[in-house]
Amino acid sequence: MPIGWPAADRPGLLYGAIGHTNRLKAMQVVFSTVEYPSLILAYSGQAAYMIKYPVELSTMFYDSISGPLFWHIFVASTLATIVASQSLISASFSIVRQSINLSCFPRATLQHTSEKYEGQVYSLEVNYLLMVL
């Protein structure tokens, strides 16, 4: 298993944080020295495994993990999947809300789920759209 695979689940998080806080040199240094090389190692390892075992494409990730590490990687990848799906759902509601405010999206019902935080919204139409897609 390549060293960088655990880092392959979160490159967008750090890259997005750099975009929002572009004045923060520490994040740029970490992305350049840790995250990007980890991604290169991860993708190189996946490519090498695919070249060596071209038949196992559907289960490539889990087949390439050695026995003692399997359950640790399985739990970490499952948690990363849950976090990514929640981020996708939250981002979809936020983008639709902003698009409605800019008159770029058809009107949809938005329910504010929190009186304390303005950005927490829910829309039944967006939920159905995500279900269909």
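The values are calculated or read from the model by the stated rules, or taken from the named source; none is laboratory data. A quick note: this is a predicted structure, and the numbers were derived from the prediction, not measured. Ideal geometry is used to build each Cβ from the backbone, glycine not excepted, and the neighbour counts take in all protein chains shown. Calculation scope for accessible area: heavy atoms of the full protein, side chains included, ligands and nucleic acids excluded. Shrake-Rupley method; radii C 1.70, N 1.55, O 1.52, S 1.80 Å.
Heavy-atom accessible area for Met27, with the other protein chains in place and a 1.4 Å probe, reaches approximately 50 Å².
A simple spin-label model places the labels of Tyr43 and Ser58 2.6 nm from each other, with each point 7 Å out along Cα-to-Cβ. Less than 5 angstrom separates the built amide H of Val121 from those of Thr113, all sequence-distant by 5 or more or on a different chain. Only residues of the range 82-113 count here: report those whose backbone N is under 15 Å from the spot 7 Å along Cα→Cβ of Leu129, or say none. So the set is 88-111.
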